[in-house]
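All of the numbers you see were taken from the coordinates with simple rules; none came from a lab. Note that the coordinates shown come from a computational prediction; the quantities given were computed from them, not determined experimentally. Methodologically, a virtual Cβ is constructed for each residue, glycine included, from the backbone with ideal geometry; neighbour enumeration extends over all protein chains shown.
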Amino acid sequence: MRTKKILMAALLFAGIHSAMAGISSGWSSGQLVVVAEQQPKAVPVSVVMPADFVSMPVRILSDQKNTVLAYEETRQAVEMISKKATENGRLRMSMGVVSLSEYQGGFGISSGSWNQPAATVQVFLLVPLSTNDTIFSSAVEGARFLEGLRMPGKTRFEIGTVQLAVQNPEQYRAKVLSLITEDMKKTRKAIAPQGKFNVQGLAGPVMVGQADERNVRLFLNYSLSVSDEK
């Protein structure tokens, strides 16, 4: 009877969409794409599936000393990358953090010259994974695309850590909850047929961890305790 109650609670949680860190899959699509953790925590229950994208964080910087020109050239660079990605037909670009300030330059006592760019923008280039793709082949595709661009003025780009990503992990919540419920039934049968189960964390967001060069692991960060109470 207790197992049935837990299952009912899990199904109720299936309709809850918790906020999570992610990136939009386009300028205005509203579709959430969540990047996989590279070292996810070990969990007893998870759904392993192919990733939807490879996410390439791209940091756009301007070496322009004129602050106004740095802002303008950086804006042009962002618009150019977005346009070229759209023309490509496969790639998507999403905006990240924009950091604007006044250009600062000088000399350090021990490290020589230093400077702080007036404009820094992070965008995310999303490369879809086809059936035979891996993080390697998709990263190569994204890097070749970026290297083929002619950056405006004194702007340049740096590629960050490439990771796998999933579009809208919440759509798999019911499947993850079903596996958790089955695991709880097995646990009850094996160690505590008459025990009392306490489950916490089922309402949290569906987490995404990188399993290998192609697949991700979807899981809920939940905890399960069993007591001798009847």
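Only the Cβ atoms of Lys and Arg (+1) and of Asp and Glu (-1) were treated as charged; on that basis the dipole of the range 53-167 about its Cα centre amounts to roughly 100 debye.
Just to confirm a number: summing +1 for Lys and Arg and -1 for Asp and Glu over residues other than Thr86 whose beta-carbon lies under 15 angstrom from that of Thr86, what do you get?
Numbers: positive: Lys83, Lys84, Arg90, Arg92; negative: Glu79, Glu87.
Once all neighbours under 15 Å are counted, the net charge is +2.
Which of the three applies to the range 67-189, rounded, prolate or oblate, going by the alpha-carbon gyration tensor with a ≥ b ≥ c and a/c under 1.5 meaning rounded? The shape class here is prolate.
Treat the count of other C-beta atoms within 10 Å as a stand-in for reagent exposure and order Glu182, Glu147, Glu37, Glu141 from fewest to most.
Details: Glu182 12, Glu147 9, Glu37 15, Glu141 19.
Ordered from fewest to most neighbouring Cβ atoms within 10 Å, Glu182, Glu147, Glu37, Glu141 come out as Glu147, Glu182, Glu37, Glu141.
What does the net charge come to around Arg214 if you take all other residues with beta carbon closer than 14 Å to its beta carbon, with K and R at +1 and D and E at -1? Computed value for this residue: -3. Taken over the alpha carbons of the range 146-200 as equal point scatterers, the Debye sum produces base-10 log I(q)/I(0) values at 0.14, 0.20 Å⁻¹ of -0.64, -0.88. With K and R counted +1 and D and E -1, the other residues having a Cβ less than 15 Å from that of Leu129 yield a net charge of -2.
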